[in-house]
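Data block below; observations after.
The values are calculated or read from the model by the stated rules, or taken from the named source; none is laboratory data. Values in this document were obtained by computation on a predicted structure and should not be read as measured data. Methodologically, a virtual Cβ is constructed for each residue, glycine included, from the backbone with ideal geometry; neighbour enumeration extends over all protein chains shown.
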Amino acid sequence: MVTDIEAIFTRHVKTVYRLCYSYLGQAQEAEDATQSVFMKLVDAPREFKDVEHEKAWLIRVATNYCKDVLKSARVKRAAEMPPDVPDTTAPPEQSDLLQAVLALPEVYKDCVYLHYYEGYKTDEIAEMTSTPPSTVRNRLRDARALLKAALEGDDDAC
């Protein structure tokens, strides 16, 4: 049975893009990452047990790819831009919640994304991320506390 890459792409492109955007914070970077994730499937087709297995594999590949991008020298050099140079790649006005989610430490982003954006339960997230379920629950709790503090801090500043 040949992998139908076009069907897999159609089913999961939005999920992969949203995950990449949650890590990288820029539309262009997320688009590039999404393309790279699906190119890995084109370059090395594989068989999946079912649609959930496809999705889990793509989520893991996208997460690893984005983490690698964030560690890359190109991103580190871009972060060293002088403060007086305008960032023309920044997306238009983002919601406070989205900005707070993007600002979360990396360890919380997977759990928050998979739970709140994709609707996975903590046991499912634990299996996907090879993390104990109690750790996933603790990370979600900690992430909610960080988001609440960040959003309340914004309200105080007004």
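Within the range 74-102, work out how many residues are of a type in the set (Gly, Ala, Ser) and modelled with pLDDT of 55 or more. Write out each step before concluding.
Taking the range 74-102 as the starting set, the residues that turn out to be of a type in the set (Gly, Ala, Ser) are 78-79, 90, 95, 100.
Keeping just the survivors that are modelled with pLDDT of 55 or more gives 95, 100.
The qualifying residues number 2.
With the checklist (1) in contact with a helix residue (DSSP H, G or I) (Cβ under 7 Å, 6 or more places away or on another chain); (2) at pLDDT below 85 in hand, flag the one item Cys111 doesn't pass.
If we test Cys111 against (1) in contact with a helix residue (DSSP H, G or I) (Cβ under 7 Å, 6 or more places away or on another chain); (2) at pLDDT below 85, just (2) comes out false.
For the range 43-60, give me each residue that is in contact with a helix residue (DSSP H, G or I) (Cβ under 8 Å, 6 or more places away or on another chain) and under 20 Å from Gly119 (Cβ atoms).
From the range 43-60, those in contact with a helix residue (DSSP H, G or I) (Cβ under 8 Å, 6 or more places away or on another chain) are 45-46, 48, 51, 54-56, 58-60; that's our starting set.
Within the range 43-60, Phe48, Val51, Glu54, Lys55, Ala56, Leu58, Ile59, Arg60 meet the criteria.
Go through the range 32-67 residue by residue and tally those that are more than 22 Å from Tyr108 (Cα to Cα) and touching a residue at least 12 places away in the same chain (Cβ under 8 Å).
Final tally of qualifying residues: 11.
Residues of the range 128-153 being surrounded by fewer than 17 Cβ atoms within 10 Å (Cβ to Cβ) and at pLDDT below 85, which ones?
Within the range 128-153, Ser130, Ala150, Leu151, Glu152, Gly153 qualify.
Counting only residues that are without any contact (Cβ under 8 Å) to a residue 12 or more places away in the chain and either under 19 Å from Thr15 (Cα atoms) or over 12 Å from the mean Cα position of the chain (by Cα) (or both), give me the helices (runs of 4 or more DSSP H) lying completely in the range 95-147 with at least 1 of them.
Numbers: elements: 96-103, 106-112, 122-129.
In the range 95-147, the matching helices (runs of 4 or more DSSP H) lie at 96-103, 122-129.
Residue check: is Asp123 at pLDDT 55 or above, over 30 Å from Glu52 (Cβ atoms) and not hydroxyl-bearing (Ser, Thr, Tyr)?
Values: at pLDDT 55 or above: yes; over 30 Å from Glu52 (Cβ atoms): no; not hydroxyl-bearing (Ser, Thr, Tyr): yes.
No, not satisfied.
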